[in-house]
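The values are calculated or read from the model by the stated rules, or taken from the named source; none is laboratory data. Quantities reported herein were computed from a predicted structural model and do not represent experimental measurements. Cβ placement follows ideal geometry from the backbone for every residue including glycine, while neighbour counts extend to all protein chains displayed.
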Protein chains: 2
Amino acid sequence: MIRIAVDGMGGDYAPETVVEGAVYAANDFSELEIVLVGQMDVIKRELNKHKVLGGKIVIQDAKEIVGMGDSPVAAIRKKKDSSLAVCVDLLKKKEVEAVVTAGNTGAAVAASALNLGLLPGIKRPGIAIGVPTLHGISIAMDVGANLNPSPEELFQYAQMADSFARHIHGKKRPAIGLLNIGEEESKGTEVLKEAYKLLRDSSLNFVGNIEGRDFFTGRVDCIICDGFVGNVVLKMCESILETAGAMVIRELKKNPLSLLGAWLCKPALKAIRNETNYEEAGGAPLLGVNGTVIISHGISSARAIRNAIKVAGEMVSKQVNQHIVELVKSNSAVQNSAARTEENAGGGIR
Amino acid sequence: MIRIAVDGMGGDYAPETVVEGAVYAANDFSELEIVLVGQMDVIKRELNKHKVLGGKIVIQDAKEIVGMGDSPVAAIRKKKDSSLAVCVDLLKKKEVEAVVTAGNTGAAVAASALNLGLLPGIKRPGIAIGVPTLHGISIAMDVGANLNPSPEELFQYAQMADSFARHIHGKKRPAIGLLNIGEEESKGTEVLKEAYKLLRDSSLNFVGNIEGRDFFTGRVDCIICDGFVGNVVLKMCESILETAGAMVIRELKKNPLSLLGAWLCKPALKAIRNETNYEEAGGAPLLGVNGTVIISHGISSARAIRNAIKVAGEMVSKQVNQHIVELVKSNSAVQNSAARTEENAGGGIR
């Protein structure tokens, strides 16, 4: 049995959809036990709207709520009894094995990093997210936790994304790409050039720099980038279908035959919508912290929450964090031995 | 009469499409005279395929070609008689008033900045590009010339984009947005926070930070960003329609009724394609250099080249560069006077 704490008060549509999603997860995945964290009476009332069939759900009281607009630092300092803080606390005390929250992303990152600490060897945590592509799902990391990563931090993001892609997405040897403005090794900032070298000399399946045009083609399984560009691209993707849709509808309305055509296309478009739906991605794991934490989109539907809980359970059962620690350890061993060899070659003279 | 040098050998489909585009421009815009620069015999042969009706086209010989994959620095140093170098040279000697090239972007930026110098007061040039939105065309700047702009450089990009939007896109008081990962003033890197202040305290119509999701909504007329994120987003946009199209076609093929539907939708989709087509945008002006230079997409069609030449002519006749210089000058005057006031307020003590 894997116990997962779910932040019942976090998200734009909490507690309704979060509780609903928790019920779906409990019913669908019998190996999971859900700890719904939030104001006891509110959560209880929501829970009473649903039938919990086979699964197990318990409630853990937490009096306060971190608002979506709260300053992360202030939220952590002042709201010690928030549903988010209690979730992270349960994880720290090992009373649960994972946390899922659709609440304030900044607060979730800060609370996790500060209270759980980082995995051995990891410099900075990062947020990974599933990207729908022409050839299945890829991962982009980081998408907002670290705006100015160092070359080594980018390298570690590649290691973490690799572990996630292997053990959650079942990719045997994930192809890793570094997001840049050109494919040549000489392109981009100094930080990217350094990161390129670390990746090239590592045991990872690094295919080189990729460009914006490769984002959705599925050319790589893991897209490694800084949190600034990752965040901008992510938010752009979210809006682009909407904007394109608005353009299409505006044009279609000009002609009844086109409208009929659109109606005939509907099933195909629906299939694509499902394929590219963020709901299926199962939230965004915050990788690198000492514990399994999934941050779901603020607007998460019940289905999105259910899938995030599912992935959280898989991350625990497939020991993604242990794999990350081992990979980081083995690569630093490689680096240390390479450094030693270089030193020897230089006769020990620096 | 405005004379415009066109790099006849630059671009993936040069010289064919470039020469064709130059002919279109010459025929459509009687106020323009085109100087086609490139290997005399090659250009002449291409030109002979077309009828130059009303317009005027002359050829200027240039023996060498800068390849799309050439290193910009090496290309400038070693190929002094390239079509690109000769174009820029003509502009420097005031034998033409503008340059249009679909060749190597890096080489075009470097050649222009080095040989033409910068406009008075400008710190770094930047590339602006038209972005199709739900409400007409917006400008994004920079999209690749400056990967690590300072706050002041970002501020100047806003001034340059403002001038372009006013005088070329006819916007009365362009709304300026700073691309960031959140709307609050406190978001983003230190550079962005500083740039925010400069923009807020300026005479520009600064509406604040915008996010990736605002890119295509037309919420702002000018999207100000560093060249790294601008370049990634730009290239992503180019591929996104293609990828989405491939997904749609794959689904549609599963069902004949859907295919019929798609056929009925075709006119509407074609209208959107035209609306969002890079060809109509007329290339990307390199703003900040002391001269009018437009860098067109490497894959430019003849129509795209024609439109780039058209915009180059408009930039000259509407004196965009003069407007930029005046705007930058007036804003530094404002800043200097503000600095003086602050100094006085502090009793001259530092």
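Restricting to region A:102-119, name every residue that is within 11 Å of A:Ala85 (Cα to Cα) and among the polar types (S, T, N, Q). Answer for region A:102-119, where residues must be within 11 Å of A:Ala85 (Cα to Cα) and among the polar types (S, T, N, Q): A:Ser112, A:Asn115. Scanning region B:114-146 for residues that are over 25 Å from B:Pro72 (Cα atoms) and within 14 Å of another protein chain (Cβ to nearest Cβ) gives B:Val131, B:Pro132, B:Thr133, B:Leu134, B:His135, B:Gly136, B:Ile137, B:Ser138. For B:Ile59, the conditions (1) farther than 17 Å from B:Gly283 by Cβ; (2) within 20 Å of the chain's Cα centre (by Cα) all hold with the exception of (2). Within region B:186-207, the presence of a residue that is surrounded by fewer than 24 Cβ atoms within 10 Å (Cβ to Cβ) and within 24 Å of B:Gly283 (Cβ to Cβ) is excluded.
Condition check: closer than 30 Å to B:Gly182 by Cα, facing another protein chain (nearest Cβ under 7 Å) and touching a helix residue (DSSP H, G or I) at 6+ places or on another chain (Cβ under 8 Å). Does B:Val232 satisfy that?
Numbers: closer than 30 Å to B:Gly182 by Cα: yes; facing another protein chain (nearest Cβ under 7 Å): yes; touching a helix residue (DSSP H, G or I) at 6+ places or on another chain (Cβ under 8 Å): yes.
Spelling it out, B:Val232 is indeed closer than 30 Å to B:Gly182 by Cα, facing another protein chain (nearest Cβ under 7 Å) and touching a helix residue (DSSP H, G or I) at 6+ places or on another chain (Cβ under 8 Å).
Summed over region A:104-130, residues that are at pLDDT 95 or above, buried (at least 24 other Cβ atoms within 10 Å of the Cβ) and not β-branched (Val, Ile, Thr) total 7. When every residue of region B:39-52 is checked against the conditions, none turns out to be in contact (Cβ under 8 Å) with a residue 40 or more places away in the chain and within 19 Å of B:Arg3 (Cα to Cα). Is it the case that some residue within region B:7-15 is farther than 16 Å from B:Ala108 by Cβ and touching a strand residue (DSSP E or B) at 6+ places or on another chain (Cβ under 8 Å)? The answer is yes; a qualifying residue exists. Beta carbons closer than 6 Å, at least 6 apart along the sequence or on distinct chains, pair a first residue in region B:244-267 that is more than 7 Å from chain A (Cβ to nearest Cβ) with a second that is modelled with pLDDT under 75 for B:Leu259/B:Leu252.
Report yes if B:Val37 is within 17 Å of B:Ser296 (Cβ to Cβ) and either part of a helix (DSSP H, G or I) or among the polar types (S, T, N, Q) (or both), otherwise no. Taking the combined requirement at face value, the residue does not satisfy it. Of the set (1) of a type in the set (D, E, K, R); (2) over 19 Å from the mean Cα position of the chain (by Cα); (3) part of a loop (DSSP other than H, G, I, E, B), all apply to B:Asp12 but (2). Restricting attention to region B:212-228 and to residues that are charged (D, E, K, R) and at pLDDT below 95, the residue that is surrounded by the most Cβ atoms within 10 Å (Cβ to Cβ) turns out to be B:Asp214.
Restricting region A:98-112 to residues that are polar (S, T, N, Q) and assigned to a helix (DSSP H, G or I), which is farthest from A:Leu287 (Cα to Cα)? Don't jump to the end; show me each part of the working.
Within region A:98-112, the first condition is being polar (S, T, N, Q), and the residues that meet it are A:101, A:104-105, A:112.
Filter again for assigned to a helix (DSSP H, G or I), leaving A:105, A:112.
Details: A:Thr105: 13, A:Ser112: 10 Å.
Residue satisfying both the conditions and the ranking: A:Thr105.
A single entry from B:Arg173, B:Arg166 fulfils the requirement of being touching a strand residue (DSSP E or B) at 6+ places or on another chain (Cβ under 6 Å), basic (Lys, Arg), more than 14 Å from chain A (Cβ to nearest Cβ) and surrounded by fewer than 24 Cβ atoms within 10 Å (Cβ to Cβ): B:Arg173.
Selection over region B:190-229 of residues that are more than 13 Å from chain A (Cβ to nearest Cβ), on the phi < 0 side of the Ramachandran plot and small (Gly, Ala, Ser) gives a count of 3. Any residue that is at pLDDT below 95, closer than 25 Å to B:Val229 by Cα and more than 14 Å from the chain's Cα centre (by Cα) - is there at least one of those in region A:75-86? No, region A:75-86 contains no residue that is at pLDDT below 95, closer than 25 Å to B:Val229 by Cα and more than 14 Å from the chain's Cα centre (by Cα). When B:Thr292 is tested against (1) surrounded by 17 or more Cβ atoms within 10 Å (Cβ to Cβ); (2) of a type in the set (Ser, Thr, Tyr); (3) at pLDDT below 95, just one condition goes unmet, and that condition is (3). Within region A:58-78, can one find any residue that is closer than 23 Å to A:Ser317 by Cα and surrounded by fewer than 19 Cβ atoms within 10 Å (Cβ to Cβ)? The answer is yes; a qualifying residue exists.
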